[in-house]
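The values are calculated or read from the model by the stated rules, or taken from the named source; none is laboratory data. Note that the structure is a prediction, hence the values are computed from the model and not measured. Quick reminder, even Gly has a Cβ in these numbers, built from the backbone with ideal geometry, and neighbours come from all protein chains shown.
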Amino acid sequence: MYIPKHFDESRVDCLHELMRARPLATLITLSSDGLNADHLPLHLSETVDALGTLCGHVARANPIRSHLIENTEVLAIFQGSDAYITPSWYATKAETGKVVPTWNYIVAHAYGTLRFIDDAMWLRAHLESLVAQHEAAFDSPWRLSDAPPDFIEKLIGAVVGVEIAITRLLGKWKISQNQPSENTAGVIHGLQETGVAGALEMAGFMMRAT
């Protein structure tokens, strides 16, 4: 990923925050058939390694396990907020006209080596942790124990765990840092005026960064 200096986000805590807020990752792997992309929620676990470990699961029928080339690096992409930026929001448009459209976005790339875990106890603990994290916002959180035990056991048998110890973590926060302050203010105002959820979220990121 090309990261100009002004768009570089290297603070691990900020990258971890994005990975927890947007856990549905695109997992890129190299297999005997070429490049593959799988989309799955990855749970970030704190470890002695400051970069953390990603845990998830895939269907046992998914060919990723049999086709993955061993000891090759994998990449998990976590996509945050994004928004189209019209040059009409730039104050300098009226002054010079030397402005063009762009796209603001936030993204984290986590690299590491993937290992598969075919262990029912590990999978149950992983699923309980994953469910607890995402059910926490509901008034009546669902738990694995709410479903019949034999039903859960059957589902656990149909999946395989994946674990990625993160060895490299890159972040790109492209949020108009290369623009003069009057253009940044215009973009924030323009995004807010749209009333669109994604645009409002991007405006919030930009406001916190200024």
Item to check | Pair list, Cβ < 9 Å and 6+ apart or interchain, from region 183-210 residues that are farther than 11 Å from Asn104 by Cβ to residues that are among the basic types (Lys, Arg) and in a helix (DSSP H, G or I) | outcome: Asn183/Lys93; Gly186/Lys93
Item to check | Per-region count, region 1-40, residues in a strand (DSSP E or B) and either closer than 21 Å to Met206 by Cβ or more than 15 Å from the chain's Cα centre (by Cα) (or both) | outcome: 7
Checklist entry - Which of (1) within 27 Å of Val196 (Cβ to Cβ); (2) acidic (Asp, Glu); (3) part of a loop (DSSP other than H, G, I, E, B) is the odd one out, the single condition Asp82 does not satisfy? => result (3)
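Before we move on, is Val58 touching a helix residue (DSSP H, G or I) at 6+ places or on another chain (Cβ under 8 Å) and over 30 Å from Ala209 (Cα atoms)? Walk me through how you get there before you give the answer.
On the way: touching a helix residue (DSSP H, G or I) at 6+ places or on another chain (Cβ under 8 Å): yes; over 30 Å from Ala209 (Cα atoms): yes.
Yes, satisfied.
Looking at Gly97, Gly52, which one is modelled with pLDDT under 95 and either polar (S, T, N, Q) or exposed (fewer than 15 other Cβ atoms within 10 Å of the Cβ) (or both)? Steps first, please.
Numbers: Gly52 fails: either polar (S, T, N, Q) or exposed (fewer than 15 other Cβ atoms within 10 Å of the Cβ) (or both).
Selected residue: Gly97, the only one of Gly97, Gly52 that is modelled with pLDDT under 95 and either polar (S, T, N, Q) or exposed (fewer than 15 other Cβ atoms within 10 Å of the Cβ) (or both).
Residue by residue, here is whether (1) surrounded by fewer than 12 Cβ atoms within 10 Å (Cβ to Cβ); (2) at pLDDT 95 or above; (3) in a loop (DSSP other than H, G, I, E, B) holds:
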{"residue": "Asp139", "(1), (2), (3)": "yes, no, yes"}
{"residue": "Val160", "(1), (2), (3)": "no, yes, no"}
{"residue": "Leu169", "(1), (2), (3)": "no, yes, no"}
{"residue": "Ile188", "(1), (2), (3)": "no, yes, no"}
{"residue": "Gln192", "(1), (2), (3)": "no, yes, no"}
{"residue": "Gly204", "(1), (2), (3)": "no, no, no"}
{"residue": "Met207", "(1), (2), (3)": "no, no, no"}
